[in-house]
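Notes follow once the structure below has been shown.
What follows is calculated from the coordinates using simple rules that are stated; it is not laboratory data. The structure presented is a predicted model; accordingly, all values stated were derived computationally and were not measured.
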Amino acid sequence: MCFKLKKPLYGLKQASKAWHERLSNFLLENGFSRGHADTILFRKLLKNEILIVQIYVKDIIFSSTNTTICQKNSKMMQTRFIMSMMG
C-alpha cells in the first residue's frame, strides 16, 4: 500500500519524537552514553578526551576537549544524516 501525506513529515506532532529516537539510537550504537538527569545529553569518553553531544529539537551541539574529535564525529554523523555545520 502507498499513502500520500497531505501534511509534510516535519509538520506532524510525532516527527520530533521520531527524530529524537532515531538520533539517540544512532549515538548509542556508536559508543555514546545517555545522561541520567538530562536525557538529551550524550557523552563519549576517548582516552583522555571527552565528547559531549546535546540535542535540542532539530539542533545538535558538539563540544569536546579536542576540536579534531568534534570534526571526526561530525563527519561520522554526515554519513548517516544530512547536516550543515553552523560553526
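Some observations on this one:
- Residues whose amide H falls under 5 Å from that of Ile50, counting only those 5 or more places apart or on a different chain, are Thr65, Asn66, with hydrogens built in the peptide plane.
- By definition, a body whose alpha carbon gyration tensor gives a ≥ b ≥ c is prolate when a/c is 1.5 or more and a/b is larger than b/c, and region 43-87 fits this prolate description.
- Nearby aspartates and glutamates by direct alpha-carbon distance to Lys72 (threshold 14 angstrom, same-chain neighbours under 8 apart not counted): Glu49
- Our estimate of slack between His36 and Met83, defined as 0.36 nm per intervening residue step minus the Cα-Cα distance, is 14.2 nm.
- Taking region 14-80 and dividing mean pair separation by its residue count, relative contact order in percent (alpha carbons under 8 Å, at least six apart): 19
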